[in-house]
1. Note down all Cβ pairs under 6 Å where the first residue falls in region 158-172 and is in contact (Cβ under 8 Å) with a residue 24 or more places away in the chain, the second is open to solvent by 30 Å² or more (accessible area, probe 1.4 Å) and outside any helix (DSSP H, G or I), and they're at least six residues apart or on different chains.
2. Confirm whether residue 79 is over 18 Å from residue 153 (Cβ atoms), part of a helix (DSSP H, G or I) and open to solvent by 40 Å² or more (accessible area, probe 1.4 Å).
3. Give all pairs with beta carbons closer than 8 Å in which a residue from region 51-64 that is in contact (Cβ under 8 Å) with a residue 40 or more places away in the chain and assigned to a helix (DSSP H, G or I) meets a residue that is surrounded by 14 or more Cβ atoms within 10 Å (Cβ to Cβ) and of a type in the set (A, V, I, L, M); count only pairs at least 6 apart in sequence or on separate chains.
4. Would region 107-124 turn up any residue that is of a type in the set (D, E, K, R), buried (at least 18 other Cβ atoms within 10 Å of the Cβ), touching a helix residue (DSSP H, G or I) at 6+ places or on another chain (Cβ under 9 Å) and not in a helix (DSSP H, G or I)?
5. Does residue 168 satisfy the criteria of being open to solvent by less than 60 Å² (accessible area, probe 1.4 Å) and not in a loop (DSSP other than H, G, I, E, B)?
6. Mind counting the residues in region 65-76 that are touching a helix residue (DSSP H, G or I) at 6+ places or on another chain (Cβ under 7 Å) and either over 19 Å from residue 160 (Cα atoms) or free of Cβ contacts under 8 Å to residues at least 24 places away in the same chain (or both)?
7. Given the structure, is residue 129 within 23 Å of residue 166 (Cα to Cα) and modelled with pLDDT of 95 or more?
Amino acid sequence: MCKGLAALPHTCLERAKEIKTKLGTLLQKPDSAIDLIIPYPEKPEKPAKAQKTSPDEALQWRESLEKLLQNAYGLASFRSFLRSEFSEENIEFWITCEEYKKIKSPTKMAEKAKKIYEEFIQTEAPKEVNIDHCTKAVTMKNLVEPSVSSFNEAQKRIFALMEKDSLPRFVRSEFYQELIK
């Protein structure tokens, strides 16, 4: 049984199908006027110019993805590295989730949740992130009534994936090696 859905009487698959049907209905409604006013961006915005960090601070990034992501230059460097490997969807998803958590308006939150789902979560999404079936089911369940924590499980999974896979590759890269000199 899926973590987070264990208390429900349905099996994970049955519950996921039920949620998918409900979510599909919500997503099939005609686009709101906001979709006409604010089109999806063609390219992700470039991060603001960040001041270069010291080698000592960059050395700390080896030990903690969290420290790297909290540093503007570290985040920009990591994102650039992932872009060079054609694998920036994870960091983009993580950043988008952080921005989503700052939304106060329930209407704007619902609109942003729909966009995040369409861009990163749904099967065959343009920037689909690699999350397991149960995490996807929990996320879909959370999107029936969007809240600040709707993407928490998926974001945690992606963070763990970046920490285990992307961060070690980044630390071994020539770009990082130059930063710590």
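The values are calculated or read from the model by the stated rules, or taken from the named source; none is laboratory data. Because the structure is predicted, anything quoted here is derived from the model rather than measured. For neighbour counting, all protein chains shown are included, and Cβ atoms are generated from backbone atoms with ideal geometry for every residue, glycine included. All accessible areas refer to the heavy atoms of the entire protein, side chains included, with ligands and DNA or RNA removed. Shrake-Rupley method; radii C 1.70, N 1.55, O 1.52, S 1.80 Å.
1. Partner pairs satisfying both residue conditions: 171/62.
2. No; evaluated as a whole, the condition is false for this residue.
3. 55/179; 55/180; 58/179; 58/180; 59/180
4. No, every residue in region 107-124 fails to be of a type in the set (D, E, K, R), buried (at least 18 other Cβ atoms within 10 Å of the Cβ), touching a helix residue (DSSP H, G or I) at 6+ places or on another chain (Cβ under 9 Å) and not in a helix (DSSP H, G or I).
5. The answer is yes for residue 168.
6. Looking only at region 65-76, we keep the residues that are touching a helix residue (DSSP H, G or I) at 6+ places or on another chain (Cβ under 7 Å), and these are 65, 67-69, 71, 74-75.
Filter again for either over 19 Å from residue 160 (Cα atoms) or free of Cβ contacts under 8 Å to residues at least 24 places away in the same chain (or both), leaving 67, 71, 74.
So the count comes out to 3.
7. yes
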